[in-house]
Each structure stands twice: as C-alpha cells, then as structure tokens.
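Step one of this worksheet: look at the structure below.
The values are calculated or read from the model by the stated rules, or taken from the named source; none is laboratory data. Bear in mind the structure is a predicted one, so any value in this text is a computation, not a measurement. Positions of Cβ are backbone-derived with ideal geometry, glycine not excepted, and every protein chain shown enters the neighbour counts. Calculation scope for accessible area: heavy atoms of the full protein, side chains included, ligands and nucleic acids excluded. Shrake-Rupley method; radii C 1.70, N 1.55, O 1.52, S 1.80 Å.
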Amino acid sequence: MKAFWIGNGKTVLPDEICDNGSVLVHDDKIVAVNEPCPDGVEVVDAAGGYILPGFIDLHVHGGGGADFMDADPEGLRTIARTHAKFGTTGLCPTSMTSTNDVLERAIKSYLAVDEKVSVGAELLGIHLEGPYFSTSNKGAQPVGEQRIPTREEMEHIIALGEGKIVRWDEAPELPNTDVFAAVTREHGIMASIAHTDGIADDANRAFEMGFSHVTHFYSATTTGRKINGWCYSGVNEATFLNDDVSVEIIADGMHIPREHMLVPYRIKGADMMALITDAMRAAGTDDEYSVLGAKDTGVPVIIKDGVAQLLDLSFYAGSVGTMDRALRVAHVRYGISLVDAVKMMSLTPARLIGRDGDKGSLTVGKDADVVIMDPEFTIKDVFVRGTKV
C-alpha cells in the first residue's frame, strides 16, 4: 500500500478554491481533502500552485504521432501517455468517417488494450464520430464514406464494441435519424449531433428522440440562414433553447473565437458545457505535416499557426491542442472563472459519460486523478489513479 499527501497549494473544488488546500491519496483513491498531513506520509509539494482534478477529454483522435484509426494497440497507449503529460487523466478515443473494415479494426484495437493504461490516461470508452454525416458540412472528414444509418449496420458495430461505445454522432437531417436515435437509446449510448447542415426543426426532432449533446458546437453546426428566400433557425439556436442538451467546445483558442465560447458558457453554464481538444496525431509533437485519421488512408494536413489545417488551408482539420492549453485559453485568455473552467474539463465531461461517481472532482472516494499546475497554469505533476505520470 502507498500513501502520499499533496499540499501547499490551492485545491480547486466543484464550487470553490481553497487556499492552503491538500489531497491525501491512499493507493489509487482520494481519502481526504484539505486535511493536515498524517505522520509518516510522503509529501508532494504543490509549491503554491493549483491542485486540480484530472482532466477528461471526451473527444480526442490522437497524439504523440498516433491516431485511434491506425488500429494499433500500441498507438492507443501512445495517445494515452502523450495526453497524460498535459493533465488528461481520462479520454475517449474518437473515430472518423471510414469504411466499416477500418472502423472495425480500430474498435478491435481498443478491446486489445487495458483501459487503465500504465502511466497514461485511462480509456473511458469509444466515441464514434461518423460515418452518418452531411456531405455539405463534413469539415475535414474524408469524402466518400458518409452514409445513412441502418439498424443492421449499427447493431453490428455496437456488438463489435462489446459495450465500450459510449457516444455516437449523427447529422439529424439524414433519413433514418429515428433509427439512429432508437438504436443508441436501446444500448445506452449518448447520441450527439455533429457535422450537420440541418435546421432547427431537424435538431428539435432529434432532441425529442433522445439526442442529448452537440459535438464541437459552432464547428460544423449551423446557425440561422435563408434557404430559397425563407429564413430558418439553425441547430445552434435550437440547442440554446433546449436546457437538457449539453455542448462541447474545441478549446484550442483557434477553432472558435472568444465570443463563441462565452455565449454558450453564459447560456448553458459549466454544468452543461464540456471543453475538448479534438486533438489529432500531431498533438504533443513538433510535426509540421501530418495525417488526420488512419496513417495509410487518412487526410493529409499541415500544422500552421498552432492548428491542423487541410493542405489548401480551406478548413481546420482537428486541433493539436492539449487540455492544459484548453485551461489557459478558457481561464487566462477568455476570462472564465477557474472553478468553472476546471469543471468543464473534469466533472461535467465525467457526468456526461456516467463516470462522475469515480472521476471528475477532488472528492473522497474517487480515483486519485490529480493535476498540479504552477501559478501560471503550466503542468507540474500529473497522477493517474495515484500513479505519477
């Protein structure tokens, strides 16, 4: 058995920041918060910095030169270990639109890896981004493999996932959205709107059928516009008006401007908004050229101005951001309170995938996923289930 006490820092709790805070860890659990250090216990000095819950990234394609779609178990471990160095203690590997054989290999690679990756972020379930998307708002998703959902195909993929698929995205204007909603609901999978050219009516029908989330809000989602001379509200407006629908925001400081983060934050609040990286394989590297998706069949990209872009610079192609950068963007640059910024990176994403019982906050009994940052919000130490990264 091992025990250590993290002290001499400010603990960031779900509703407050405590000066002279501390966290006591025993094995892989938090056993005390803001209590004096017991005798004979190892001390980890936060040196006046911040003691935070580990960050949970619900949408991450890759990092460290690897991508989930490579279908390589060692690549998944690389992704988990890369992002852990930047404070991510739990993540959902995210797919891309692809042929079924490529997707099936990626899912099998997930099943071949222990979710509790040694000295890496824990794998919290698979996020399927596609293939049921609008071709007119595909973003950097590859051309040619978008298709209409069918129960047969969905059931096949879900069975292959052996209960590890936790969320799945779809454009709600597509035919068979009712089928998509029914199948995800039957299997307890969070249904999310993404890469859509739909209008508010499409979104509202989806919400009524059980969709509860919008993927990378403002990125490949729609706002009000004219169609054949008639004015229509978009998916964004419908989402704002539905209090039960959560959103996620790419928080790399490039994909969306300040106002696009602050407006949904003001309307939805920190309990219904998660910050994500949408990171691709070049995250955590110095690469100038990379590939979005599978290395052999994915989309070539260039890393320019701190973001991945298509080679013709016509569209962003996933971020190279990490969660520590997301915190600095939300709190330091955009002025969101530290308590709320941390909540949107920890407790809220944990709750959205049903893991807030064991993750997401510095709470007695939860996993010892702890991040120490200095006063300038640079990573100092990361612990995943009590083990130092």
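Among all residue pairs at least 6 apart or on different chains, which show Cβ distances below 8 Å where the first residue, located in the range 175-200, is of a type in the set (Phe, Trp, Tyr) and the second is open to solvent by less than 10 Å² (accessible area, probe 1.4 Å)?
Taking only residues 6 or more apart or on different chains, the pairs are Phe180/Tyr132; Phe180/Pro149; Phe180/Met154; Phe180/Trp168; Phe180/Glu170; Phe180/Ala191.
Do the conditions hold for Ile6, that is, is it surrounded by 23 or more Cβ atoms within 10 Å (Cβ to Cβ) and farther than 20 Å from Gly293 by Cβ?
Numbers: surrounded by 23 or more Cβ atoms within 10 Å (Cβ to Cβ): yes; farther than 20 Å from Gly293 by Cβ: yes.
Considered against the rule, which asks whether it is surrounded by 23 or more Cβ atoms within 10 Å (Cβ to Cβ) and farther than 20 Å from Gly293 by Cβ, Ile6 comes out as yes.
Quick one: which helices (runs of 4 or more DSSP H) lie wholly within the range 296-389 and hold at least 3 residues that are within 25 Å of Phe68 (Cα to Cα) and touching a residue at least 60 places away in the same chain (Cβ under 8 Å)? Explain how you work it out, then say what you get.
On the way: elements: 323-327, 338-345, 347-352.
Passing ranges, in order: 323-327, 347-352.
Which residue, of Gly298, Gly335, is more than 14 Å from Asp57 (Cβ to Cβ) and surrounded by 23 or more Cβ atoms within 10 Å (Cβ to Cβ)? Explain how you work it out, then say what you get.
Details: Gly335 fails: surrounded by 23 or more Cβ atoms within 10 Å (Cβ to Cβ).
Only one candidate qualifies: Gly298.
Based on what the data block shows, is Thr11 of a type outside the set (Phe, Trp, Tyr), farther than 21 Å from Ile276 by Cα and surrounded by 21 or more Cβ atoms within 10 Å (Cβ to Cβ)?
Judged against the criteria, Thr11 is a match.
Out of the range 67-93, which residues are crowded, with 21+ Cβ neighbours inside 10 Å, within 17 Å of Thr297 (Cα to Cα) and without any contact (Cβ under 8 Å) to a residue 40 or more places away in the chain?
Gly75
Filter the range 198-220 for residues that are part of a loop (DSSP other than H, G, I, E, B) and either of a type in the set (A, V, I, L, M) or modelled with pLDDT under 95 (or both) and give the result.
Those that are part of a loop (DSSP other than H, G, I, E, B) and either of a type in the set (A, V, I, L, M) or modelled with pLDDT under 95 (or both): Ser219, Ala220.
Going through the range 173-194 one residue at a time, which ones are part of a loop (DSSP other than H, G, I, E, B) and open to solvent by 10 Å² or more (accessible area, probe 1.4 Å)?
Selection gives Glu173, Leu174, Pro175, Asn176, His187, Gly188, Ile189.
When the range 25-40 is examined, which residues are found to be outside any loop (DSSP other than H, G, I, E, B) and either over 24 Å from Gly120 (Cα atoms) or open to solvent by less than 50 Å² (accessible area, probe 1.4 Å) (or both)?
Val25, Ile30, Ala32, Val33
For the range 74-110, give me the residue count where each residue is touching a Pro at 6+ places or on another chain (Cβ under 9 Å), part of a helix (DSSP H, G or I) and among the polar types (S, T, N, Q).
The number of residues fulfilling the criteria is 2.
Looking only at the range 149-164, count every residue that is assigned to a helix (DSSP H, G or I) and open to solvent by 40 Å² or more (accessible area, probe 1.4 Å) and tell me the total. Walk me through how you get there before you give the answer.
From the range 149-164, those assigned to a helix (DSSP H, G or I) are 151-161; that's our starting set.
Narrowing the set further to residues that are open to solvent by 40 Å² or more (accessible area, probe 1.4 Å) leaves 151-152, 155-156, 159.
Qualifying residue count for the region: 5.
Need the failing condition index for Ile249 against (1) outside any loop (DSSP other than H, G, I, E, B); (2) open to solvent by less than 10 Å² (accessible area, probe 1.4 Å); (3) modelled with pLDDT under 95, just the number.
The failed condition is (3).
Please find, within the range 94-103, the residue that is surrounded by the most Cβ atoms within 10 Å (Cβ to Cβ) out of those that are touching a Ser or Thr at 6+ places or on another chain (Cβ under 8 Å) and among the hydrophobic types (A, V, I, L, M, F, W, C).
Leu103
What number of residues within the range 41-51 satisfy the criterion of being surrounded by fewer than 16 Cβ atoms within 10 Å (Cβ to Cβ) and either aliphatic (A, V, I, L, M) or not in a loop (DSSP other than H, G, I, E, B) (or both)? Even if it seems obvious, please write down each step before you answer.
Filtering the range 41-51 down to residues surrounded by fewer than 16 Cβ atoms within 10 Å (Cβ to Cβ) leaves 41-43, 45, 47-48.
From the residues that got through so far, the ones that are either aliphatic (A, V, I, L, M) or not in a loop (DSSP other than H, G, I, E, B) (or both) too are 41-43, 45, 47.
Counting residues in the range 41-51 that are surrounded by fewer than 16 Cβ atoms within 10 Å (Cβ to Cβ) and either aliphatic (A, V, I, L, M) or not in a loop (DSSP other than H, G, I, E, B) (or both) gives 5.
Could you identify the single residue in Val113, Val119 that is in a loop (DSSP other than H, G, I, E, B) and either more than 26 Å from Gly357 (Cα to Cα) or open to solvent by 40 Å² or more (accessible area, probe 1.4 Å) (or both)?
After applying the criteria, what remains is Val119.
Across the range 308-333, which residue is nearest to Pro349 (Cα to Cα) among those that are touching a His at 6+ places or on another chain (Cβ under 8 Å) and not hydroxyl-bearing (Ser, Thr, Tyr)?
Result: Met323.
How about the range 261-286: which of its residues are at negative phi, buried (at least 17 other Cβ atoms within 10 Å of the Cβ) and outside any strand (DSSP E or B)?
Passing the criteria: Met261, Pro264, Tyr265, Lys268, Ala270, Met272, Thr277, Met280, Arg281, Ala282, Ala283.
Looking only at residues in the range 222-246 that are in a strand (DSSP E or B) and not hydrophobic (A, V, I, L, M, F, W, C), which one is nearest to Asp57 (Cα to Cα)?
Ser246
What residue, among those in the range 198-231 that are out of contact with any strand residue (DSSP E or B) (no Cβ under 9 Å at 6 or more places or on another chain) and of a type in the set (S, T, N, Q), is farthest from Asp178 (Cα to Cα)?
Taking the candidates together, the pick is Asn228.
Of the conditions (1) open to solvent by less than 10 Å² (accessible area, probe 1.4 Å); (2) modelled with pLDDT under 95; (3) closer than 21 Å to Cys92 by Cβ, Ala350 clears all except one; give me its number.
That leaves (2) as the condition not met.
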